[in-house]
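Here is the structure we will look at, set down as structure tokens.
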Amino acid sequence: MKNLFRRRSSREGGWLAISMQPGAMHFAHAVRDGAGKCSITRCGTRMMDAAFADAETVAKELEADRYRCLTLLAPNEYQLLLVEAPNVPAAELKTAIRWRVKDMLDYHVEDATIDVLDIPPDPSSANRSHSMYAIAARNEVIKGCIGRFEAAHIPLSVIDISETAQRNIAALFEQPGRGLAFLYVGASHALLTINFSGELYLARRIDVAADQLIASSQVLREDAKDRILLELQRSFDHFDRQFPFVGPAKLMLGPEPAGAGMTDYLSENLGIPVEQARLDDVLGVDTGAILGGDAAWRLFPVLGAALRNEAKAL
């Protein structure tokens, strides 16, 4: 979303994605070879003080200053807004988008940092009007994020969002000429994305969290699954009307906590093919990266962010 500092050519290749959360720092480093094959060289979680007091110490242990670093905003720190693309020159696009979203924010637009993500139209259609996503975050949120990384002496270059991180992983599973739906149920909500030709066409949050899928109460577990199913059906129906040329071939499920059971449930009830995404089918995983147990689920956002592709970046 936000390019911050000049990059140094002497740093390691690829991206080191770091998510600083109260009590923990999640990280993943990914590189691409000459053929475009992606590999995760290292990833994991380091525990730290809830107030980030020892973030610098943890960053030194990770040797973060050797890398180009990026981070992700938390879901409650930004809005993803669907707007009609303005018919203006590229140099005037962000100014025009500001006018489009000013009444959609609950704070003054001058207090917002805004970026855009294009949604390409149907290439066979004569109607070239189309939509865009506007990403809006309060300036104070961006400044606070930058401040935490500066205090930890981590060379932050980019601030990204979970929707594009998920797009990066989903793109690795795409079939040529077909769309791909991808669902990841995280700690605070579920996220549905639909890709086509590496582009993000839909991103929708669903108000169901992973702990509800593994609750001790069967009633709560079934209710959570039912709500996800209903929202998926609604989203697919709406999407098919809006983008009939995409046609998602299947729904892939991201890593989930043990016992969640979403793959079997959705396979039986959704009506389109459902598959569990096996990250090691599309990613090389070096010896410094351990994705066993719940690690792949916990690290999924930073894994996707580390796969940042400059050609598809915000």
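The values are calculated or read from the model by the stated rules, or taken from the named source; none is laboratory data. It should be emphasised that the depicted structure is a prediction, and the values quoted were computed from it without experimental measurement. Reconstructed Cβ throughout: ideal geometry from the backbone, glycine too, with neighbour counts over all protein chains shown.
Computed quantities for the displayed model
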| read-out | value |
| --- | --- |
| Residue count, the stretch 101-114 (criterion: under 24 Å from the mean Cα position of the chain (by Cα) and within 11 Å of residue 81 (Cβ to Cβ)) | 5 |
| Which listed residue, of 111, 115, is assigned by TED's automatic domain parsing to the domain that holds residue 134, surrounded by 15 or more Cβ atoms within 10 Å (Cβ to Cβ) and either of a type in the set (Val, Ile, Thr) or touching a strand residue (DSSP E or B) at 6+ places or on another chain (Cβ under 7 Å) (or both) | 115 |
| Residues within the stretch 25-80 that are of a type in the set (Lys, Arg) and closer than 14 Å to residue 15 by Cβ, tallied | 4 |
| One residue from 74, 50, 59, 137 being touching a residue at least 60 places away in the same chain (Cβ under 8 Å) and within 18 Å of residue 27 (Cα to Cα) | 59 |
| Members of the stretch 16-34 found to be assigned to a strand (DSSP E or B) and surrounded by fewer than 24 Cβ atoms within 10 Å (Cβ to Cβ), listed by number | 19, 20, 21, 24, 26, 31, 32 |
| Qualifying residue in the stretch 148-155 (condition: closer than 30 Å to residue 61 by Cβ and without any contact (Cβ under 8 Å) to a residue 60 or more places away in the chain) | yes |
| Of all residues in the stretch 232-248 being over 18 Å from residue 123 (Cβ atoms) and in contact (Cβ under 8 Å) with a residue 12 or more places away in the chain, the one that is surrounded by the fewest Cβ atoms within 10 Å (Cβ to Cβ) | 233 |
| Residue check, residue 128 modelled with pLDDT under 95, closer than 30 Å to residue 213 by Cβ and more than 14 Å from the chain's Cα centre (by Cα) | no |
| Residue in the stretch 193-200 that is part of a strand (DSSP E or B), among the hydrophobic types (A, V, I, L, M, F, W, C) and within 30 Å of residue 214 (Cα to Cα) present | yes |
| Members of the stretch 49-96 found to be surrounded by 18 or more Cβ atoms within 10 Å (Cβ to Cβ) and over 30 Å from residue 16 (Cβ atoms), listed by number | 85 |
| Residue 293 being over 22 Å from residue 133 (Cα atoms), in contact (Cβ under 8 Å) with a residue 60 or more places away in the chain and surrounded by fewer than 19 Cβ atoms within 10 Å (Cβ to Cβ) | no |
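To keep it simple, each residue is scored yes or no on (1) charged (D, E, K, R); (2) buried (at least 22 other Cβ atoms within 10 Å of the Cβ).
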site	(1), (2)
159	no, yes
167	yes, yes
174	yes, no
179	no, yes
183	no, yes
187	no, no
193	no, yes
197	no, no
